[in-house]
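Reviewing the structure listed below.
Every number in this text was worked out from the coordinates using simple rules, so none of it is lab data. In this text the structure is predicted, and so the values were computed from the model without any measurement. Every residue, glycine as well, gets a Cβ built from its backbone with ideal geometry; the counts of neighbours run over all protein chains shown.
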Amino acid sequence: MKKLKAFAGLILIFGILTGCDNYSKQYDTNTLIVNKNGSVVEVSVEDFKGSSVKADDLSAYVEDQVGAYNEKAGNKIEVKSIEAEDMSHVKLVLAYKDLKSYDEFNLLEYSLLDIGDVKESELTGSYTSTDDKKANPTDIIAAGKGKVLTVSESTDIVIKGNLMYYNDEVTVKDGVLSTSGKKNAIIVFK
């Protein structure tokens, strides 16, 4: 029994040290995980079945691209995993130090700002609070603390924090926020 408890303790410690999150198993679609501290994890799922792309070539390409970016910008991106055994369901998990690194690497223009750095005029669309009540930009600015994430593409997003408000370009189901990609999706969280 002592050995079993010691083994369980080691597993717990290992889980804590490695972050305990296996995003590759958790998410089966393209998903962006945004942490409270501004760091980002991207789960990218692609189908290469029928293409000439080989698993080894894909892994080497990803490692080369991340290496080149890190050499230029500092160590801002980490390859967490590449699952390419089944080329019809390739999963790539990348961890970014911040949203700026994610934007630069993916040639996007998302933003993550403190509420105090956002003008009411930038909060476009109609807003809903997490308790399904309508909200307006004045309410959001008055909240005082929190982050405002603006996303222009259609994607799934998971916020590792407390969701406060989101505009009409966002739908929420089971803790996953899906953005429309039609206009800027705006998500406010703490």
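Overview of results
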| quantity | calculated |
| --- | --- |
| Computed label-point distance, nm, for sites E83 and E120 using a 7 Å Cα→Cβ extension | 4.7 |
| Tensor-based shape of segment 109-190 (alpha-carbon gyration tensor, a/c under 1.5 rounded, otherwise prolate or oblate) | rounded |
| Over 21 Å between alpha carbons, listed pairs K100/K173; K119/K183; K54/K76; K36/K100; K91/K182; K36/K133 | K100/K173; K54/K76; K91/K182; K36/K133 |
| Relative packing of 37-43, 71-77, which averages over residues the other C-beta atoms within 10 Å, highest first | 37-43, 71-77 |
| Contour excess over end-to-end distance, with Cα ends at T138 and E46 and 0.36 nm allotted per residue | 29.1 nm |
| Antiparallel DSSP beta bridges within the chain, percent to nearest 5 | 90 |
| Difference of contour (0.36 nm per residue) and Cα-Cα distance, K36 to K72 | 10.4 nm |
| Between 0 and 90°, nearest 10: helix 2-18 axis offset from the chain longest Cα axis | 60 |
| Overall form of segment 22-107 per C-alpha gyration tensor (a/c, 1.5; a/b vs b/c) | oblate |
| In degrees, nearest ten, helix 55-73 long axis to first principal axis of the chain (Cα) | 60 |
| Contour excess over end-to-end distance, with Cα ends at T128 and L113 and 0.36 nm allotted per residue | 3.5 nm |
| Taking segment 22-107 and dividing mean pair separation by its residue count, relative contact order in percent (alpha carbons under 8 Å, at least six apart) | 35 |
| Selection from L113, S81, G144 lying farthest towards where the dipole of the chain points positive, charges on Cβ | G144 |
| Proximal aspartates and glutamates to K147, defined as alpha-carbon separation beneath 15 angstrom and excluding residues fewer than eight positions away on the same chain | D98, D114, D117, E120, E122, D139 |
| Local electrostatic count at D156 - Lys and Arg +1, Asp and Glu -1, tallied over other residues with Cβ under 13 Å | -3 |
| Segment 51-146: relative contact order in percent, alpha carbon pairs under 8 Å with at least 6 residues between | 16 |
| Cβ-placed point charges (K, R +1; D, E -1), dipole of segment 22-107 about Cα centre in debye, nearest 20 | 360 |
| Other-chain or far-sequence residues with amide H under 5 Å of G146's (modelled H) | I115 |
| Sequence-separation-based contact order of segment 109-190, relative, with Cα cut under 8 Å and 6+ spacing, percent | 34 |
| Amide H within-cut-off set for F48, under 5 Å, with H built and near neighbours excluded | S88, H89, V90 |
